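All remarks here apply to the structure that follows.
The values are calculated or read from the model by the stated rules, or taken from the named source; none is laboratory data. It should be emphasised that the depicted structure is a prediction, and the values quoted were computed from it without experimental measurement. As a convention, Cβ positions derive from the backbone with ideal geometry for all residues, glycine included, and neighbour counts pool all protein chains shown. Each accessible area value is taken on the protein alone, full model and side chains, heavy atoms only, with ligands, DNA and RNA left out. Shrake-Rupley method; radii C 1.70, N 1.55, O 1.52, S 1.80 Å.
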Amino acid sequence: MTPRLIIVIPCYNEQEVLPITAPQFLAKLKELSAAGQITEDSRVMFVDDGSKDATWDIITKLSEQDEHYIGIAQSRNRGHQNAVLAGLMEAKDMCDITISIDCDGQDDINAMDGMVAAYHEGCEIVYGVRSKRDTDTFFKRFTAESFYKLMNSMGAEVVFNHADYRLISSRALQELAKFKEVNIFLRGMVPLVGFKSTSVYYERSERAAGKSHYPFRKMMALALDGITSLSIKPIKMIIALGIIVAVISFIGIIWAVVEAILGRTVSGWASTTCIICFLSGVQLISVGVIGEYIGKIYMEVKQRPRYIISERTWEKKK
Ligand code: UDP
Ligand code: MG
(Lines give C-alpha, C1' and ligand atoms only; values in the text may rest on other atoms or scores of the structure.)
(Ligands and ions follow the chains in the order given, each with its own letter.)
Protein backbone atom coordinates (compact mmCIF):
# COMPACT_ATOMS: atom_id res chain seq x y z
CA MET A 1 0.00 0.00 0.00
CA THR A 2 1.30 3.44 -0.85
CA PRO A 3 1.83 5.48 2.33
CA ARG A 4 0.56 8.96 2.93
CA LEU A 5 3.43 11.22 4.01
CA ILE A 6 3.34 14.36 6.10
CA ILE A 7 6.54 16.40 6.24
CA VAL A 8 6.62 18.15 9.63
CA ILE A 9 8.56 21.43 9.69
CA PRO A 10 9.05 23.56 12.83
CA CYS A 11 9.38 27.27 12.11
CA TYR A 12 10.37 30.05 14.46
CA ASN A 13 10.89 33.54 13.06
CA GLU A 14 11.68 32.17 9.64
CA GLN A 15 10.16 34.78 7.33
CA GLU A 16 13.38 35.08 5.32
CA VAL A 17 13.84 31.41 4.70
CA LEU A 18 10.28 30.04 4.33
CA PRO A 19 9.57 31.55 0.89
CA ILE A 20 12.76 29.88 -0.38
CA THR A 21 12.44 26.44 1.16
CA ALA A 22 8.64 25.89 1.13
CA PRO A 23 8.53 25.35 -2.67
CA GLN A 24 11.49 22.95 -2.35
CA PHE A 25 9.58 20.79 0.12
CA LEU A 26 6.53 20.80 -2.13
CA ALA A 27 8.61 19.88 -5.17
CA LYS A 28 10.10 16.95 -3.25
CA LEU A 29 6.63 15.82 -2.17
CA LYS A 30 5.40 15.92 -5.77
CA GLU A 31 8.49 14.11 -7.00
CA LEU A 32 7.98 11.30 -4.48
CA SER A 33 4.29 10.97 -5.28
CA ALA A 34 4.98 10.99 -9.04
CA ALA A 35 7.40 8.12 -8.45
CA GLY A 36 4.61 6.22 -6.69
CA GLN A 37 6.49 6.20 -3.38
CA ILE A 38 3.83 8.16 -1.49
CA THR A 39 0.21 9.07 -2.12
CA GLU A 40 -0.86 12.14 -4.04
CA ASP A 41 -2.64 13.54 -0.97
CA SER A 42 0.56 13.76 1.08
CA ARG A 43 1.18 17.05 2.85
CA VAL A 44 3.80 19.57 3.94
CA MET A 45 2.91 20.65 7.49
CA PHE A 46 4.44 23.77 9.03
CA VAL A 47 4.41 24.19 12.79
CA ASP A 48 4.67 27.84 13.74
CA ASP A 49 6.40 27.94 17.11
CA GLY A 50 4.99 31.25 18.32
CA SER A 51 6.96 33.34 15.82
CA LYS A 52 7.06 37.08 16.33
CA ASP A 53 7.50 37.93 12.65
CA ALA A 54 5.41 37.21 9.55
CA THR A 55 6.01 33.43 9.60
CA TRP A 56 2.39 32.50 10.34
CA ASP A 57 1.07 34.87 7.65
CA ILE A 58 3.36 33.21 5.15
CA ILE A 59 2.14 29.77 6.24
CA THR A 60 -1.54 30.71 5.92
CA LYS A 61 -0.91 32.23 2.48
CA LEU A 62 0.91 29.10 1.36
CA SER A 63 -2.01 26.94 2.52
CA GLU A 64 -4.38 29.05 0.44
CA GLN A 65 -2.16 28.76 -2.62
CA ASP A 66 -1.80 25.00 -2.60
CA GLU A 67 -3.75 22.33 -0.76
CA HIS A 68 -0.54 20.38 -0.18
CA TYR A 69 0.57 22.98 2.35
CA ILE A 70 -1.00 22.83 5.79
CA GLY A 71 -0.01 24.54 9.01
CA ILE A 72 -0.59 24.61 12.74
CA ALA A 73 0.48 27.30 15.19
CA GLN A 74 1.56 26.89 18.78
CA SER A 75 0.00 29.40 21.16
CA ARG A 76 3.48 30.63 22.12
CA ASN A 77 7.12 29.81 21.64
CA ARG A 78 7.91 26.48 23.28
CA GLY A 79 11.17 25.59 21.59
CA HIS A 80 12.15 23.35 18.73
CA GLN A 81 11.59 19.98 20.45
CA ASN A 82 8.05 20.81 21.50
CA ALA A 83 7.25 22.23 18.08
CA VAL A 84 8.38 19.03 16.37
CA LEU A 85 6.43 16.90 18.85
CA ALA A 86 3.30 19.02 18.35
CA GLY A 87 3.54 18.50 14.59
CA LEU A 88 4.19 14.76 14.87
CA MET A 89 1.30 14.21 17.27
CA GLU A 90 -1.01 16.25 15.06
CA ALA A 91 0.08 14.28 12.00
CA LYS A 92 0.06 10.77 13.47
CA ASP A 93 -3.64 10.10 12.90
CA MET A 94 -3.69 11.66 9.44
CA CYS A 95 -0.96 9.74 7.66
CA ASP A 96 1.18 6.60 7.49
CA ILE A 97 4.59 8.21 7.71
CA THR A 98 6.05 11.52 8.86
CA ILE A 99 9.39 13.12 8.12
CA SER A 100 10.49 15.90 10.46
CA ILE A 101 12.96 18.40 9.04
CA ASP A 102 14.15 21.95 9.84
CA CYS A 103 12.81 24.68 7.62
CA ASP A 104 16.13 26.38 6.93
CA GLY A 105 17.27 24.16 4.06
CA GLN A 106 20.32 22.86 5.98
CA ASP A 107 19.18 19.27 5.79
CA ASP A 108 19.31 17.79 2.31
CA ILE A 109 15.75 17.07 1.20
CA ASN A 110 17.03 14.46 -1.26
CA ALA A 111 17.73 12.17 1.69
CA MET A 112 13.94 11.72 1.88
CA ASP A 113 14.13 9.34 -1.09
CA GLY A 114 16.29 6.99 0.92
CA MET A 115 14.11 7.38 4.01
CA VAL A 116 10.91 6.47 2.16
CA ALA A 117 12.68 3.59 0.40
CA ALA A 118 13.83 2.26 3.80
CA TYR A 119 10.23 2.47 5.01
CA HIS A 120 9.12 0.37 2.03
CA GLU A 121 11.74 -2.16 3.09
CA GLY A 122 10.12 -2.46 6.50
CA CYS A 123 11.80 0.18 8.68
CA GLU A 124 9.54 2.15 11.02
CA ILE A 125 12.15 4.75 11.97
CA VAL A 126 14.84 6.13 9.66
CA TYR A 127 17.45 8.52 11.08
CA GLY A 128 18.99 11.18 8.90
CA VAL A 129 22.69 11.31 9.79
CA ARG A 130 25.11 14.04 8.73
CA SER A 131 28.05 12.57 6.91
CA LYS A 132 30.08 15.78 6.79
CA ARG A 133 30.09 19.10 8.56
CA ASP A 134 32.39 20.92 6.17
CA THR A 135 30.19 23.98 6.00
CA ASP A 136 30.00 24.40 9.77
CA THR A 137 32.68 26.46 11.46
CA PHE A 138 35.31 24.53 13.43
CA PHE A 139 33.75 25.78 16.65
CA LYS A 140 30.22 24.63 15.74
CA ARG A 141 31.51 21.26 14.56
CA PHE A 142 33.63 20.74 17.66
CA THR A 143 30.89 21.75 20.09
CA ALA A 144 28.24 19.77 18.24
CA GLU A 145 30.34 16.61 18.14
CA SER A 146 31.31 17.00 21.80
CA PHE A 147 27.59 17.29 22.50
CA TYR A 148 26.93 13.78 21.17
CA LYS A 149 29.92 12.32 22.99
CA LEU A 150 28.93 13.95 26.28
CA MET A 151 25.36 12.75 25.92
CA ASN A 152 26.40 9.17 25.30
CA SER A 153 28.95 9.10 28.12
CA MET A 154 26.29 10.35 30.49
CA GLY A 155 23.92 7.53 29.63
CA ALA A 156 21.59 9.24 27.16
CA GLU A 157 21.77 7.13 24.03
CA VAL A 158 21.61 9.21 20.90
CA VAL A 159 22.48 8.47 17.28
CA PHE A 160 25.79 10.23 16.50
CA ASN A 161 25.41 13.29 14.27
CA HIS A 162 21.68 12.81 13.92
CA ALA A 163 19.53 15.86 14.61
CA ASP A 164 15.79 15.86 14.26
CA TYR A 165 15.64 14.95 10.57
CA ARG A 166 14.00 11.55 10.55
CA LEU A 167 11.18 9.43 9.24
CA ILE A 168 8.80 7.92 11.78
CA SER A 169 5.85 5.74 10.83
CA SER A 170 2.50 6.58 12.38
CA ARG A 171 2.67 3.19 14.08
CA ALA A 172 5.84 4.16 15.93
CA LEU A 173 4.32 7.57 16.67
CA GLN A 174 1.35 5.92 18.38
CA GLU A 175 3.89 4.34 20.73
CA LEU A 176 5.87 7.56 21.14
CA ALA A 177 2.60 9.19 22.23
CA LYS A 178 2.61 6.88 25.25
CA PHE A 179 5.76 8.59 26.55
CA LYS A 180 4.05 11.01 28.88
CA GLU A 181 7.03 13.09 29.97
CA VAL A 182 6.96 16.85 29.66
CA ASN A 183 10.74 17.42 29.40
CA ILE A 184 11.20 16.03 25.96
CA PHE A 185 14.38 15.26 24.08
CA LEU A 186 13.26 13.49 20.94
CA ARG A 187 16.70 12.30 19.87
CA GLY A 188 16.90 10.22 23.01
CA MET A 189 13.26 9.19 23.18
CA VAL A 190 12.76 7.94 19.63
CA PRO A 191 15.41 5.18 19.97
CA LEU A 192 13.60 4.05 23.14
CA VAL A 193 10.50 3.33 21.07
CA GLY A 194 12.46 0.65 19.23
CA PHE A 195 11.15 -1.09 16.07
CA LYS A 196 13.21 -1.78 12.98
CA SER A 197 15.26 1.28 12.17
CA THR A 198 18.12 2.39 9.98
CA SER A 199 20.07 5.51 9.02
CA VAL A 200 20.50 7.40 5.78
CA TYR A 201 23.43 9.75 5.29
CA TYR A 202 23.40 13.25 3.87
CA GLU A 203 25.58 16.30 3.71
CA ARG A 204 24.55 19.27 5.77
CA SER A 205 24.74 22.62 4.07
CA GLU A 206 24.49 26.20 5.21
CA ARG A 207 21.29 27.95 6.15
CA ALA A 208 19.41 29.24 3.09
CA ALA A 209 18.74 32.56 4.90
CA GLY A 210 18.20 33.97 8.37
CA LYS A 211 20.31 32.95 11.34
CA SER A 212 20.61 30.02 13.72
CA HIS A 213 18.50 29.90 16.88
CA TYR A 214 20.94 27.49 18.45
CA PRO A 215 23.97 29.34 19.73
CA PHE A 216 26.41 27.55 22.02
CA ARG A 217 24.45 28.55 25.13
CA LYS A 218 21.21 26.94 23.89
CA MET A 219 23.09 23.86 22.74
CA MET A 220 24.55 23.36 26.22
CA ALA A 221 21.08 23.79 27.70
CA LEU A 222 19.76 21.18 25.26
CA ALA A 223 22.55 18.77 26.20
CA LEU A 224 21.84 19.22 29.90
CA ASP A 225 18.12 18.75 29.28
CA GLY A 226 18.82 15.64 27.26
CA ILE A 227 21.05 14.11 29.91
CA THR A 228 18.84 14.90 32.87
CA SER A 229 15.63 13.87 31.16
CA LEU A 230 16.95 10.54 29.89
CA SER A 231 19.49 9.37 32.39
CA ILE A 232 20.06 9.27 36.15
CA LYS A 233 23.75 8.60 35.70
CA PRO A 234 24.79 11.99 37.18
CA ILE A 235 23.07 10.96 40.44
CA LYS A 236 24.83 7.63 40.43
CA MET A 237 28.11 9.48 40.06
CA ILE A 238 27.57 11.09 43.48
CA ILE A 239 27.74 7.68 45.14
CA ALA A 240 30.94 6.85 43.28
CA LEU A 241 32.37 10.21 44.32
CA GLY A 242 31.30 9.51 47.93
CA ILE A 243 33.11 6.19 47.93
CA ILE A 244 36.27 7.76 46.50
CA VAL A 245 36.15 10.52 49.12
CA ALA A 246 35.56 7.94 51.87
CA VAL A 247 38.62 5.95 50.79
CA ILE A 248 40.79 9.08 50.65
CA SER A 249 39.39 10.12 54.05
CA PHE A 250 40.30 6.75 55.50
CA ILE A 251 43.89 7.27 54.41
CA GLY A 252 43.69 10.81 55.83
CA ILE A 253 42.49 9.48 59.17
CA ILE A 254 45.38 6.99 59.42
CA TRP A 255 47.81 9.76 58.51
CA ALA A 256 46.35 12.13 61.15
CA VAL A 257 46.52 9.45 63.85
CA VAL A 258 50.10 8.54 62.95
CA GLU A 259 51.14 12.21 62.99
CA ALA A 260 49.45 12.64 66.39
CA ILE A 261 51.16 9.57 67.88
CA LEU A 262 54.53 10.81 66.62
CA GLY A 263 53.71 14.04 68.41
CA ARG A 264 54.21 16.18 65.31
CA THR A 265 50.88 18.02 65.64
CA VAL A 266 49.27 20.63 67.82
CA SER A 267 46.69 19.15 70.13
CA GLY A 268 43.19 18.82 68.63
CA TRP A 269 44.38 18.77 64.98
CA ALA A 270 44.13 15.01 64.51
CA SER A 271 40.65 14.70 65.99
CA THR A 272 39.35 17.63 63.94
CA THR A 273 40.87 16.26 60.73
CA CYS A 274 39.45 12.79 61.41
CA ILE A 275 35.95 14.17 61.94
CA ILE A 276 36.06 16.28 58.77
CA CYS A 277 37.36 13.38 56.66
CA PHE A 278 34.88 10.91 58.05
CA LEU A 279 31.85 13.17 57.75
CA SER A 280 32.55 14.33 54.21
CA GLY A 281 32.68 10.72 53.03
CA VAL A 282 29.53 9.80 54.92
CA GLN A 283 27.70 12.87 53.68
CA LEU A 284 28.45 12.31 50.02
CA ILE A 285 27.46 8.65 50.19
CA SER A 286 24.22 9.61 51.94
CA VAL A 287 23.38 12.24 49.35
CA GLY A 288 24.08 9.62 46.68
CA VAL A 289 21.76 7.08 48.31
CA ILE A 290 18.96 9.64 48.57
CA GLY A 291 19.71 10.56 44.96
CA GLU A 292 19.26 6.94 43.90
CA TYR A 293 15.71 7.02 45.25
CA ILE A 294 15.01 10.39 43.70
CA GLY A 295 16.30 8.98 40.41
CA LYS A 296 13.88 6.06 40.70
CA ILE A 297 11.01 8.43 41.51
CA TYR A 298 11.99 10.55 38.55
CA MET A 299 11.87 7.60 36.18
CA GLU A 300 8.53 6.49 37.68
CA VAL A 301 6.76 9.82 37.37
CA LYS A 302 7.47 9.82 33.64
CA GLN A 303 4.98 6.95 33.36
CA ARG A 304 6.64 5.61 30.28
CA PRO A 305 5.17 2.50 28.68
CA ARG A 306 6.60 -0.64 30.22
CA TYR A 307 6.58 -2.58 26.96
CA ILE A 308 5.91 -2.04 23.28
CA ILE A 309 4.73 -4.90 21.07
CA SER A 310 6.07 -4.84 17.55
CA GLU A 311 4.49 -7.96 16.03
CA ARG A 312 1.47 -10.20 16.61
CA THR A 313 0.98 -13.45 14.69
CA TRP A 314 -2.70 -12.74 14.21
CA GLU A 315 -2.11 -9.31 12.74
CA LYS A 316 -1.12 -9.07 9.11
CA LYS A 317 1.94 -6.98 8.27
CA LYS A 318 1.35 -3.96 6.12
N1 UDP B 1 12.93 26.42 15.88
C2 UDP B 1 11.69 26.35 16.53
N3 UDP B 1 11.56 26.94 17.76
C4 UDP B 1 12.60 27.57 18.39
C5 UDP B 1 13.87 27.61 17.74
C6 UDP B 1 13.99 27.01 16.49
O7 UDP B 1 10.74 25.79 16.00
O8 UDP B 1 12.41 28.09 19.50
C9 UDP B 1 13.08 25.77 14.54
C10 UDP B 1 13.69 26.66 13.47
O11 UDP B 1 12.71 27.42 12.81
C12 UDP B 1 14.34 25.63 12.55
C13 UDP B 1 14.74 24.53 13.49
O14 UDP B 1 13.98 24.72 14.68
O15 UDP B 1 13.43 25.10 11.60
C16 UDP B 1 16.22 24.51 13.80
O17 UDP B 1 16.66 25.76 14.27
P18 UDP B 1 18.02 26.44 13.78
O19 UDP B 1 18.20 26.25 12.31
O20 UDP B 1 18.00 27.84 14.26
O21 UDP B 1 19.12 25.59 14.58
P22 UDP B 1 20.54 25.01 14.02
O23 UDP B 1 20.26 24.33 12.72
O24 UDP B 1 21.44 26.17 13.88
O25 UDP B 1 20.99 24.06 15.09
MG1 MG C 1 19.46 25.17 11.15
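Hey, which of these cross-link pairs are over 23 Å Cα-Cα: 30/178; 140/302; 236/296? From the list (30/178; 140/302; 236/296), the Cα-Cα distance tops 23 Å for 30/178; 140/302. Helix 233-261 axis versus longest C-alpha principal axis of the chain: approximately 10°, rounded to the nearest ten. Comparing 18, 97, 248 along the charge dipole axis of the chain, the residue lying farthest to the positive side is 248, per the Cβ-charge model.
Potential lengthening of the chain between residue 213 and residue 76 amounts to 47.7 nm, from the contour at 0.36 nm per residue minus the alpha-carbon distance.
The listed residues 130, 207, 217 rank as 217, 207, 130 when sorted by accessible area, largest first, using a 1.4 Å probe. Simple spin-label estimate for residue 224 and residue 121 gives 4.1 nm between the two label positions (7 Å along the Cα-to-Cβ direction from each Cα). Stretched out straight at 0.36 nm per residue, the stretch from residue 293 to residue 93 would grow longer than its current Cα-Cα span by 68.2 nm.
Dipole magnitude of the chain about its Cα centre, charges +1 at Lys/Arg Cβ and -1 at Asp/Glu Cβ only, in debye to the nearest 20?
Numbers: 37 positive and 37 negative charges, 239 e Å.
So the dipole magnitude of the chain works out to roughly 1140 debye.
Solvent-accessible surface of the chain, averaged per residue with a 1.4 angstrom probe and all protein chains in place: 52 square angstrom. Straightening the chain between residue 174 and residue 61 buys 37.6 nm, computed as 0.36 nm per residue apart minus the Cα-Cα spacing.
Below 8 Å, C-alpha to C-alpha, sequence gap of six or more: please give me the relative contact order for the chain in percent.
Working: 511 pairs, mean separation 55.5, N = 318.
17 percent.
Tell me what the chain gives for mean residue ellipticity at 222 nm when only DSSP H runs of n ≥ 4 count, each as -39,500 (n - 2.57), the sum divided by the residue total, rounded to 500 deg cm²/dmol.
On the way: 10 runs with 158 residues, N = 318.
Taking each H run of at least 4 residues, the total per residue is -16500 deg cm²/dmol.
The alpha-carbon of residue 52 sits under 23 angstrom from the alpha-carbons of these lysines, leaving out residues fewer than 8 places away in its chain: 61, 211, 218. One Cα centroid belongs to the range 272-308, the other to the range 149-197; the line between them spans 26 Å.
Amide H to amide H, with H built 1.01 Å from N, residue 129 comes under 5 Å of 200, 201, 202, counting only residues 5 or more places away or on other chains.
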